[in-house]
Amino acid sequence: MYLGGATAMFVRPDGRFVYVLNSQTNDVTIVEVEAGLVAQKIATGDRDLIPLAGGDLLVAPGGSSLHVLDTRE
(Lines give C-alpha, C1' and ligand atoms only; values in the text may rest on other atoms or scores of the structure.)
Protein backbone atom coordinates (compact mmCIF):
# COMPACT_ATOMS: atom_id res chain seq x y z
CA MET A 1 0.00 0.00 0.00
CA TYR A 2 1.26 3.47 -0.89
CA LEU A 3 0.14 6.78 0.61
CA GLY A 4 1.60 9.94 -0.94
CA GLY A 5 1.61 13.48 0.32
CA ALA A 6 3.72 15.47 2.77
CA THR A 7 4.75 12.25 4.49
CA ALA A 8 4.76 9.42 1.97
CA MET A 9 4.38 5.91 3.36
CA PHE A 10 4.75 2.48 1.78
CA VAL A 11 3.90 -0.88 3.34
CA ARG A 12 5.92 -3.79 1.96
CA PRO A 13 3.65 -6.35 0.21
CA ASP A 14 4.15 -8.93 2.99
CA GLY A 15 3.39 -6.29 5.65
CA ARG A 16 6.66 -6.87 7.51
CA PHE A 17 8.12 -3.38 7.05
CA VAL A 18 6.78 0.15 6.62
CA TYR A 19 8.82 2.81 4.82
CA VAL A 20 8.06 6.38 5.88
CA LEU A 21 9.48 9.45 4.18
CA ASN A 22 10.00 12.13 6.81
CA SER A 23 10.10 15.51 5.10
CA GLN A 24 11.20 17.25 8.32
CA THR A 25 14.37 15.16 8.77
CA ASN A 26 14.86 14.31 5.06
CA ASP A 27 15.16 10.56 5.58
CA VAL A 28 13.29 7.33 5.00
CA THR A 29 12.57 5.52 8.24
CA ILE A 30 12.10 1.76 7.93
CA VAL A 31 9.97 0.29 10.71
CA GLU A 32 9.71 -3.42 11.48
CA VAL A 33 5.97 -3.75 12.07
CA GLU A 34 5.85 -6.83 14.33
CA ALA A 35 8.52 -5.52 16.72
CA GLY A 36 7.37 -1.91 16.38
CA LEU A 37 11.00 -0.80 16.12
CA VAL A 38 12.94 1.41 13.74
CA ALA A 39 15.08 -0.97 11.69
CA GLN A 40 16.98 1.68 9.74
CA LYS A 41 17.01 5.33 8.71
CA ILE A 42 18.31 6.32 5.28
CA ALA A 43 19.18 9.96 4.61
CA THR A 44 17.69 10.93 1.26
CA GLY A 45 16.97 14.66 1.20
CA ASP A 46 14.04 13.76 -1.04
CA ARG A 47 10.34 14.55 -0.90
CA ASP A 48 8.59 11.56 -2.46
CA LEU A 49 8.53 7.76 -2.56
CA ILE A 50 7.58 6.02 -5.79
CA PRO A 51 6.94 2.24 -5.73
CA LEU A 52 8.19 0.24 -8.74
CA ALA A 53 8.26 -3.42 -9.79
CA GLY A 54 5.17 -4.41 -7.81
CA GLY A 55 6.54 -2.86 -4.63
CA ASP A 56 9.94 -4.56 -4.76
CA LEU A 57 11.67 -1.22 -5.27
CA LEU A 58 11.07 2.27 -3.94
CA VAL A 59 12.56 5.30 -5.64
CA ALA A 60 13.13 8.52 -3.72
CA PRO A 61 13.87 11.13 -6.40
CA GLY A 62 15.00 14.66 -5.68
CA GLY A 63 17.70 17.20 -6.21
CA SER A 64 20.78 15.80 -7.90
CA SER A 65 20.38 12.29 -6.47
CA LEU A 66 18.18 9.25 -6.94
CA HIS A 67 17.83 6.75 -4.12
CA VAL A 68 16.59 3.24 -4.92
CA LEU A 69 15.51 1.10 -1.98
CA ASP A 70 15.13 -2.68 -2.39
CA THR A 71 12.17 -3.65 -0.19
CA ARG A 72 12.92 -7.38 -0.54
CA GLU A 73 15.88 -7.12 1.84
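The values are calculated or read from the model by the stated rules, or taken from the named source; none is laboratory data. Since the structure is predicted, the reported quantities are computational estimates derived from the model, not experimental observations. Heads up, the Cβs are rebuilt from the backbone with ideal geometry, glycines too, and the neighbour counts pull from every protein chain shown. SASA here: full protein model, heavy atoms, side chains in, ligands and nucleic acids out. Shrake-Rupley method; radii C 1.70, N 1.55, O 1.52, S 1.80 Å.
Values for this structure:
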{"read-out": "Percent accessible area from carbon and sulfur atoms, the chain, protein chains only, probe 1.4 Å", "value": "54"}
{"read-out": "Check: the chain dipole with +1 on Lys, Arg Cβ and -1 on Asp, Glu Cβ, in debye", "value": "120"}
{"read-out": "Highest to lowest packing among 28-38, 10-20, scored as the average C-beta count within 10 Å", "value": "10-20, 28-38"}
{"read-out": "Label-point gap, in nm, between Asn22 and Asp48 - each point 7 angstrom along Cα→Cβ", "value": "2.3"}
{"read-out": "Taking all pairs of distinct alpha-carbon atoms in the chain, Kirkwood radius in angstrom", "value": "12.0"}
